[in-house]
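These notes concern the structure reproduced below.
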Amino acid sequence: MIENNVIDSKLLERIKCCQLPVDKRKSLPFECYWEDSILLQEQKQLFSNQWIGLGRIDRLETPGEFEAFELCGQQLILIRDQNESLRLYANTCRHRGAKLLDGSGQCQAISCPFHGWTYSLSGDLKYAKKMSDNPNFDFSEHSLIEYKLKEVKGFLFAFLGDKPTNLDSQLGDFAELHHPWSLDELVTTKRETFEVKCNWKAFLDVFNEYYHLNNVHPTSIDNLYNEPEVAEKTTGEYASQFGLTSGTGALLEDQQSDALPKMDNLDTPWSLGARYTWVFPNMTFAASHEAIWVYETTPITAGSCQVRQSICFPKNTTELPDFKEKSQAYYQRLNDALDEDISALVNQQKGLNKSTSIQGQFSSLMESNVATFANWYASKLA
Ligand code: FES
Ligand SMILES: [Fe+2]
């Protein structure tokens, strides 16, 4: 409903087929996984027009700790200020636009490497050499550009556009549906960032569907997952599907004896399976009965993305004497399954590239979250 003129009208018609009833719904047109014009529209209509998931909030613990990162080509800084609040700034100097910080680290102030303009952790311009001589220069007009941040259930959300929308409306019943897992009390014990040579949506698709398990993970995790339940009818812009597991889905089949305790107060059936949730557009997680694992993806190009992975446990689990040893098996499960998924994704991207063939259809039970995303995506772009 916003300017669609960059997307070819025939392609738009095919995107609209993702809004059909689920038994007739088409998967996303293949162009959505490689076309630059699509990526441009996604940046405008998905990443700059609503709240975006930035992962878990329990990071950058001391004032001045920062992470510099790129989101849809825009350079950003996430930093903890002197009052211990997290702030999100454009990583762009207000003088002549140089990039201010790289990587991650700790700083007392944000100082530009080009001509030395220096900002406090709260984003105020504090020093600009020779500029005090100019009566027409106002330091208070040159603070860093700041974006809104909010926390929900231990997850961080940012709004990068000009007119922040209502996050509560966007998430609907998200907090209520996930209440049994006490998500806001979990502690992140491992975090990784890496690049994958596939479209950002493809990574989220594969994480959210059961359909590939016996082909891609036949000996690692497939036998742990029972057929999932019918997905939830949510009121927010997210999809969620629960399924029972034999043992825990958070460990490899042959390492089930390393299982850590279940979360306190988690009733059946939640204590017997895993919930897979996709918060549109770009954050997803699985909530098993003793851990959650979270991924955020952001596009680098149409055919490659950056992925951030986090794994979190209840605080009392992390304090167990054997946590360090047993958690290794959890990290190994994530990495082994991820390696298998990445091979499948790289192969899928090769098949998708430059293909304009008519898209397929979904298995409505086994690819339910992916089908719900496709419907939502079409509602934003077509
Ligand atoms: S561009 Fe940053 S001080 Fe000049
Ligand atoms: Fe997988």
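The values are calculated or read from the model by the stated rules, or taken from the named source; none is laboratory data. If you're wondering where the values come from, they're calculated on a predicted model, not measured in any experiment. Cβ placement follows ideal geometry from the backbone for every residue including glycine, while neighbour counts extend to all protein chains displayed. Keep in mind that these areas ignore ligands, DNA and RNA; they rest on the heavy atoms of the full protein, side chains included. Shrake-Rupley method; radii C 1.70, N 1.55, O 1.52, S 1.80 Å.
Overall shape: oblate for the chain, with the ratio a/c of the largest to smallest alpha carbon gyration tensor axis at 1.5 or above and b/c at least equal to a/b. Taking amide H as placed 1.01 Å from N in the peptide plane, the amide H of ASN282 sits under 5 Å from that of GLY53, each at least 5 places away or on another chain. Rolled with a 1.4 Å probe across the full set of protein chains, the surface gives ARG80 an accessible area near 30 Å². Placing pseudo-labels 7 Å out from each Cα toward the beta carbon at LYS315 and ASP102 gives an inter-label distance of 3.8 nm.
Which part of the stretch 198-235 falls in the paramagnetic zone of SER246, meaning amide N under 11 Å from the point 7 Å along Cα-to-beta-carbon? Hits in the stretch 198-235 for SER246 at 11 Å: 222-227. Take THR372: with every protein chain present and a 1.4 Å probe, its accessible area is about 50 Å².
Annotation: amide H of HIS178 has no partner in the under-5 Å range at sequence separation 5 or more or interchain, hydrogens built in the peptide plane. Surface analysis of the chain yields an accessible area of 44 Å² per residue, using protein heavy atoms and a 1.4 Å probe. In the stretch 81-112, which residues have a backbone nitrogen under 19 Å from the label point lying 7 Å from GLU146's Cα in the Cα-to-Cβ direction? Answer for the stretch 81-112: 81-95, 100-101, 107-112. For a straight C-alpha distance cut-off of 20 angstrom, the aspartates and glutamates reachable from LYS233 (same-chain residues fewer than eight places away being disregarded) are ASP23, ASP168, ASP173, GLU176, ASP205, GLU209, GLU367. Straight-line cross-link partners of LYS130 among the lysines, defined as a Cα under 29 Å from its Cα and at least 8 positions apart when in the same chain: LYS99.
What FRET efficiency would be calculated for the residue pair MET131, THR356, taking the C-beta separation as r and a Förster radius of 56 Å, to the nearest 0.05? Taking R0 as 56 Å, the efficiency between MET131 and THR356 is 0.55. The portion of the accessible surface of the stretch 127-227 made up by carbon and sulfur, rounded to a whole percent, is 44 (1.4 Å probe; DNA, RNA and ligands excluded). Distances between placed amide hydrogens fall under 5 Å for GLN75 paired with ASN91, all partners being 5 or more residues away or on another chain.
The calculated 222 nm mean residue ellipticity attributable to helices in the chain amounts to -6500 deg cm²/dmol, summing -39500 (n - 2.57) over DSSP H runs of n ≥ 4 and dividing by all residues. Dividing the alpha-carbon radius of gyration of the stretch 159-255 by the rule-of-thumb value 2.2 N^0.38 Å gives 1.32. Roughly how tilted is helix 323-352, in degrees to the nearest 10 and between 0 and 90, from the longest Cα axis of the chain? Compared with the principal axis, the helix lies near 90 degrees. For the stretch 59-153, rounded, prolate or oblate, judged on the Cα gyration tensor with a ≥ b ≥ c (square roots of eigenvalues), a/c < 1.5 rounded, else prolate if a/b > b/c? Prolate. Here's the list of aspartates and glutamates a cross-link from LYS315 could span, going by alpha-carbon distance under 14 Å and ignoring same-chain residues fewer than 8 apart: ASP58, ASP184, GLU185, ASP264, GLU290. Computed from backbone phi with θ = phi - 60° and the Karplus coefficients 6.51, -1.76 and 1.60, the 3J(HN,Hα) list for the stretch 174-190 is 4, 5, 5, 4, 9, 3, x, 8, 6, 4, 6, 9, 7, 10, 7, 10, 8 Hz; x is used for glycine and proline.
Using packing as a proxy for protection, rank 51-61, 346-356, 214-224 so that the peptide with the highest average count of other Cβ atoms within 10 Å comes first.
Per-residue Cβ counts within 10 Å, averaged per peptide and sorted highest first, yield 51-61, 214-224, 346-356.
Ligands, DNA and RNA left out, the accessible area of the stretch 253-382 computed with a 1.4 Å probe is 48% carbon and sulfur.
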